[in-house]
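**Q** Below are the structure tokens for one structure; questions will follow.
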Amino acid sequence: MNSKSNYTSLIKTEAKRLGFLSCGISKAEFLEEEAPRLEKWLHANSHGEMHYMENHFDKRLDPTKLVEGSKSVISLLYNYYPSETQNDKLAPKISKYAFGTDYHFVIKDKLKFLLNFIQEEIGEVHGRAFVDSAPILEKAWAAKGGLGWIGKHSNLLTQQVGSFYFLAELIIDLDLEYDTPVTDHCGSCTACIDACPTQAIVDPYKVDGSKCISYFTIELKNEIPTSVKGKFDNWMFGCDVCQDVCPWNRFSKSHNEPLFNPHPDLLEMTKKDWQEITEDVFKKIFKKSAVKRTKFSGLQRNIEFLKE
């Protein structure tokens with residue numbers, strides 16, 4: 001076994017041991033196909049007020065500008081599909097990914113373990129870990145690394161486990177064996193397009209981010225426009241509709257990451273509890289949660305907006 005395939009095998013085995021669903025590797029190079037797509041998306045103002053999307057255009061498309069001397073992009077998937085959901089069917093809803101501890105911390109720690117492992121086993125390897133926190137086109141890299149295809153709802157999909165997982169990357173200056181992309185298996189299905197409450201999926205494979213419920217409830221800092229009143233399907237933080245209706249997600253299996261288990265009170269809260277939530281309760285339930293991103297005032301705004 002040559003060193004390249006040996007190193008690749010070592011890394012993939014350790015990634016599995018650390019709890020990642022799968023690991024795909026691609027050559028760190030300019031994403032030629034993505035460049036015009038990203039440019040068009042930005043020109044159409046599909047990012048709304050997410051102005052950070054306009055920054056570092058060249059870095060988003062070229063990992064060698066992000067990590068000097070990089071040769072490989074290691075893409076990883078980490079399951080977050082919960083075994084339980086909120087009990088009160090009338091309660092405002094939270095996207096499943098935000099039930100437990102903020103994924104940035106949980107996965108970043110695992111990536112650091114993986115990078116340390118590579119350095120200990122292979123030698124002087126330099127790199128950086130990324131979890132949804134840098135100018136990097138995570139879905140494009142995961143697809144390039146053969147971990148799935150980008151579905152019509154613009155999320156990564158795999159035949160084995162659907163789409164309820166986080167994406168993460170290690171970009172390193174080590175040559176490895178590269179995986180090949182898989183084929184698209186969306187076929188003629190339009191379930192996600194038909195179900196989107198705000199028609200944010202404007203064309204197959206094209207999402208107008210500024211129309212997405214996740215954008216309104218998390219990214220938008222101003223008042224939510226009245227034009228979308230009554231269209232939120234009771235979501236107060238994020239939205240899972242396009243994933244919930246996707247046929248491939250019938251294969252989703254519950255995660256076994258204790259840190260992603262929700263605060264026990266979260267699942268018990270009724271519609272009334274949410275409408276009367278205090279800042280103290282917010283701090284207790286969402287102490288280490290991604291929901292903190294919207295702040296108490298933001299969540300209150302969202303809950304208020306859902307009232308008829």
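**Q** Taking a threshold of 32 Å on the Cα-Cα distance, which of the pairs K89/K283; K4/K96; K4/K65; K139/K307; K211/K292; K110/K253 fall above it?
**A** From the list (K89/K283; K4/K96; K4/K65; K139/K307; K211/K292; K110/K253), the Cα-Cα distance tops 32 Å for K4/K96; K139/K307.
**Q** Using unit Cβ charges (K, R positive; D, E negative) and no other charged atoms, how large, in debye to the nearest 20, is the dipole of the stretch 144-257 about its Cα centre?
**A** It comes to approximately 540 debye.
**Q** Using only the Cα atoms, what convex hull volume per residue in Å³ does the chain have?
**A** Working: hull volume 40.9 nm³, N = 308.
It comes to 133 Å³ per residue, whole-number rounded.
**Q** So how far, in whole Å, is the C-alpha centre of the stretch 68-109 from the one of the stretch 277-306?
**A** Each part reduced to its Cα centre gives a spacing of 18 Å.
**Q** Under the 0.36 nm per residue contour assumption, what length would be gained going from the current alpha-carbon distance of E279 and S3 to full extension?
**A** My answer for the length gained is 93.9 nm.
**Q** Right, another one. Tabulate in residue order the Karplus-calculated ³J(HN,Hα) for the stretch 167-175, using 6.51 cos²θ - 1.76 cosθ + 1.60 with θ = phi - 60°, rounded to whole Hz; enter x for Gly and Pro.
**A** Coupling constants for the stretch 167-175: 10, 8, 9, 10, 10, 10, 9, 10, 6 Hz.
**Q** Turning to a different aspect of this structure: Please flag any cysteine in the chain that has no other cysteine's Cβ under 4.7 angstrom from its own Cβ.
**A** C23, C186, C189, C196, C212, C239, C246
**Q** Tally Lys and Arg at +1 and Asp and Glu at -1 over the other residues with C-beta under 10 Å from the C-beta of S75: what net charge comes out?
**A** -1
**Q** On to the next question. Give me the percent of the accessible area of the chain that comes from carbon and sulfur atoms, probe 1.4 Å, all protein chains in place.
**A** Roughly 50 percent, rounded to a whole number.
**Q** ³J(HN,Hα) across the stretch 278-291 via Karplus (A = 6.51, B = -1.76, C = 1.60, θ = phi - 60°), whole Hz, x for Gly/Pro?
**A** So the Karplus estimates, Gly and Pro as x, are 9, 5, 5, 5, 4, 5, 5, 6, 10, 3, 10, 9, 5, 5 Hz.
**Q** Any idea what angle helix 3-17 forms with the longest principal axis of the chain, computed on alpha-carbon atoms, 0 to 90 degrees, nearest 10?
**A** On a 0 to 90 degree scale, this one is about 30.
**Q** Taking 8 Å as the Cα distance limit and 6 or more residues as the minimum spacing, I'd like the relative contact order of the chain as a percentage.
**A** 25 percent
**Q** Between beta-carbons, use under 15 Å as the cut-off and find the net charge around L176, counting Lys and Arg +1, Asp and Glu -1.
**A** So the surrounding residues net to -3.
**Q** Would you work out which of G100, W41, P63 lies farthest towards the positive end of the dipole of the stretch 1-148? Charges go on Cβ: Lys and Arg +1, Asp and Glu -1.
**A** G100
**Q** Compute the helix-to-body angle for 295-306: its Cα long axis versus the longest principal axis of the chain, expressed 0 to 90° and rounded to tens.
**A** 60 degrees
**Q** May I pose another question? Can you give the net charge of the other residues whose Cβ lies under 14 Å from the Cβ of L90, counting K and R as +1 and D and E as -1?
**A** Its environment carries a net charge of 0.
**Q** Return the whole-Å distance between the Cα centroid of the stretch 246-263 and the Cα centroid of the stretch 126-185.
**A** 18 Å
**Q** Could you sort the peptides 291-298, 182-189 by per-residue average Cβ neighbour count (10 Å cutoff), highest mean leading?
**A** Descending packing order for the listed peptides: 291-298, 182-189.
**Q** Mind checking the per residue accessible area of the chain for me, 1.4 Å probe, whole number of Å²?
**A** Here the residues of the chain average 50 Å² of exposed surface.
**Q** Compute the distance in nm between two label points, each set 7 Å from the Cα along the Cα-to-Cβ direction, one at R37 and one at E177.
**A** According to this spin-label approximation, the distance is 2.7 nm.
**Q** Moving on to the next point. Given labels modelled 7 Å from the Cα in the Cβ direction, how far is it in nm from F105 to K288?
**A** Inter-label distance under the simple model: 0.5 nm.
**Q** Nearest 10 degrees is fine. How inclined is helix 34-43 to the longest principal axis of the chain, computing both from alpha carbons?
**A** Approximately 30 degrees, to the nearest ten.
The values are calculated or read from the model by the stated rules, or taken from the named source; none is laboratory data. Everything numeric in this text was worked out from a predicted model, so none of it was measured. Here the Cβ is made from the backbone with ideal geometry for all residues, glycine too, and neighbour counts use every protein chain on show. Each accessible area value is taken on the protein alone, full model and side chains, heavy atoms only, with ligands, DNA and RNA left out. Shrake-Rupley method; radii C 1.70, N 1.55, O 1.52, S 1.80 Å.
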